[in-house]
Structure formats: C-alpha cells, structure tokens
Amino acid sequence: MLNAEEVRRRLDEQDHLVDEGTATALFLAMALGRPLLLEGEPGVGKTAVAKALARALDAPLIRLQCYEGLTAGESLYEWNHQRQLLAVRLAESRGERLDDGDLFGEEFLLDRPILRAVRHGGPVPPVLLIDEVDRADDEFEALLLEFLGEASVTVPELGTFTAERPPLVVLTSNRSRDLHDALRRRCLYHWITFPAPERAAEILRRRVPEAGEALVGSATEFVGRVRELDLDKAPGMAESIDWVSALGALGVTELVRDDIVRTLSALAKTPDDHETVVSALNDLGHGPPGPEHSPRARAETAT
C-alpha cells in the first residue's frame, strides 16, 4: 500500500471504518516491518482491525488468543509426542534404537500460531493477530521478545527459524495489566479511541443496514450519553452494534423507553450498569412511557 489513505480506502472496502491515526499506524507497521501494539477500551474494534486488514491484503489471518497460563507449546511450537512414541515402538519392533536426534526432527515438530507465521511460505505474508496479550502471564511476554524483534523462533533441538517474509504482527491489549517495556520497545503503538458520533453512526449503518436512519441517529446519541455515566464498563462499538441489531430484530424504528429497557442487556453488561442506565433514563431524555407506548396500548395496536 502506498500511503495511509490507501490503507483507509482498502479497509473501507471491507466495511471497516478507521480514523486517520489508525490508518497511519497500520501503514507505518507495514512500511517499517514493525509489530503494531493496539490498545484501547474493550469493544472499540482492535481485533476487528486486524481481521479487516487481512481481508484487505488478501492475506491469511493467523490468530493467537492469549489467556492466563499460555505456554510456548500452545503459542510457538511443540513436539508430536504420539508420533514420537509410535516411532520408538516401531524402531523397537525392528530391533533398532533411536537417539534424541532421531526423535526431535522436523517431522515431529508441530507449528503453533507464531512458528506457523514465521514458516509461512505463501506469496503474501500472513497477518498474525496476538489478541489480548495483557491476559497472558509475564513469562509469555518473554517468549515473544525474540520473535517480535527478529521475526524468528528458536527451537533448541533444530536451531533458529527466521521468516523469509516477516508477518504483519498486530498485538491487542485492553490494559488489564501493564505490559513490559521490552515488549513495548519492539512495537509501534497506537491507542484506538471510541469513534466520534459521525463515524460511530456510519459504522452502525454499515454493520446494521436494516436499521433506519432515525434509529441509528438516536441510538448513536444515546450511547454517547450513556458512556458519560459512571459505569463499570462503558459500552463500546461492539455493544452498540449488538444493541442496534437487537432493536432492529424487534422491529423498532424509533427509540422509546420501553424498547430501551427490554434490550438493555445488549448494552449494559453488569447488573450495576443496567440499574445505573435505567435510573438515568429520565436525564437521558427517555422518561416514563406515555400512553401510546404502554404495554396495553401496544397490545391494542397489535390486535
């Protein structure tokens, strides 16, 4: 891609809208061959950026979902123990003896996501998504350093594998804990913010095309005001999309209190947040339902 605007255009063709800052960060990661660390609130689209970029580049997407206790065997490589055991038994049946060199060759090596990205031989380098790296342990970050700095993985029994065409690496973090400086130094960095109202509305139009313009506009405004409340977890774009989808599935065309309350579970993800939003509906411009929106009135209209 020639520049950041081209990145933005290609992502737009994939129905993924990004601002200039995100497009520039992605372009620089590709131009400089550096991993990109994306941080931001949950639900702002960090994971979606990597997925859309892979589609835009027509590149394979390799995803490593991080979690507490993630090991080298699950992320880098491991040995096929069943196949090794079979080889030992087969050798014994022939009266042969295998040494370690016979058992730790490439035919017994299992590529996990990171080594798979390093050894990818296709015409287009893959996009490697290391998702929610902050969920993994400190030890996992140490495992990443060689790969992030040199696009290589060392297997003690076989040596070092270095990517001929380094993958485009995107790491995401929700900042549930601080990442080590050594990891940050090896990456470019970008913080993804919740989109401005105009872009949030456009994202909703793209992702929920069945929703009418009036509903998209009022829902965008409502979510923006909800995010100003003192919540445990402010709704992100993912929750906004789910909520508008839920409203659309119920045939809602105009945002009213009754419909907000019965679909609020798609927007507020804790009991306290649910109660806070309901308590604030009057201040948010959605007071008690009028007669035309009461359950009885709705039932009469339906009949």
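The value of relative contact order for the chain, using C-alpha pairs under 8 Å at least six residues apart, is 20 percent.
Take the Cα of VAL124, go 7 Å toward its beta carbon, and the backbone nitrogen atoms of region 43-77 under 11 Å from that spot belong to 53-61. Computed from phi, the 3J(HN,Hα) profile of region 147-157 under the Karplus parametrisation 6.51, -1.76, 1.60 (θ = phi - 60°) reads 5, 5, x, 10, 6, 9, 9, 9, 10, x, 6 Hz, with x in place of Gly and Pro. For region 11-126, just say rounded, prolate or oblate: build the C-alpha gyration tensor, square-root its eigenvalues into a ≥ b ≥ c, call rounded for a/c under 1.5, and beyond that prolate if a/b exceeds b/c, oblate if not. Cα axes put region 11-126 in the prolate bin.
Per residue, the accessible area of the chain comes to 52 Å², computed with a 1.4 Å probe over protein heavy atoms only.
Short-range pairs are left out: with C-alpha atoms under 8 Å and at least six residues apart, the relative contact order of region 169-261 is 29 percent.
Highest GNM mean-square fluctuation among LEU61, LEU128, LEU86, for the chain modelled with Cα contacts below 10 Å: LEU86.
Using just the alpha carbons, could you tell me how many Å³ per residue the convex hull of the chain encloses?
Numbers: hull volume 55.0 nm³, N = 303.
Here the figure is 181 Å³ per residue.
Among ASP131, ASP181, ASP232, the largest mean-square fluctuation in a Gaussian network model of the chain, built with springs joining Cα atoms closer than 10 Å, belongs to ASP181. DSSP finds beta bridges in the chain, and of those with both partners inside it, around 30 percent are antiparallel.
Using the Kirkwood radius over C-alpha pairs as Rh, can you work out the diffusion coefficient of region 69-170 via Stokes-Einstein at 10 °C, viscosity 1.306 mPa s, in µm² per second?
Working: Rh = 15.1 Å.
Stokes-Einstein gives a translational diffusion coefficient of 105 µm²/s.
How much length would be gained if the chain were fully extended between SER93 and ASP283, taking 0.36 nm per residue of separation minus their Cα-Cα distance, in nm to one decimal? Write out the running numbers ahead of the final one.
Numbers: separation 190, 0.36 × 190 = 68.40 nm, distance 8.01 nm.
Contour length minus Cα-Cα distance gives 60.4 nm.
If I take all pairs of Cα atoms in region 152-282, what percentage of them are more than 18 Å from each other? Of all Cα-Cα distances in region 152-282, 63 percent exceed 18 Å.
Against the longest principal axis of the chain, how steep is helix 81-93, in degrees 0 to 90 to the nearest 10, with axes from Cα atoms? Here the helix axis deviates by roughly 30 degrees. Dividing the helix sum by the residues of the chain, where each DSSP H run of 4 or more adds -39500 (n - 2.57), gives a mean residue ellipticity at 222 nm of -13500 deg cm²/dmol. To the nearest ten degrees, helix 4-13 and the longest principal axis of the Cα atoms of the chain are 70 degrees apart. DSSP bridge analysis restricted to region 71-187 gives an antiparallel fraction near 65%, rounded to the nearest 5. Rounded to the nearest percent, how much of the accessible area of the chain (1.4 Å probe, protein heavy atoms only) is carbon and sulfur? C and S atoms contribute 49 percent here. If R0 is 51 Å, what FRET efficiency do you get for GLN14 and ASP102 from their C-beta distance, rounded to 0.05? E between GLN14 and ASP102, to the nearest 0.05, is 0.60.
The values are calculated or read from the model by the stated rules, or taken from the named source; none is laboratory data. Small disclaimer: the values here were computed from a predicted structure and weren't measured. Every residue, glycine among them, receives a Cβ derived from its backbone with ideal geometry; neighbour counts consider all protein chains shown. Side chains included, ligands, DNA and RNA excluded: accessible areas come from the protein's heavy atoms. Shrake-Rupley method; radii C 1.70, N 1.55, O 1.52, S 1.80 Å.
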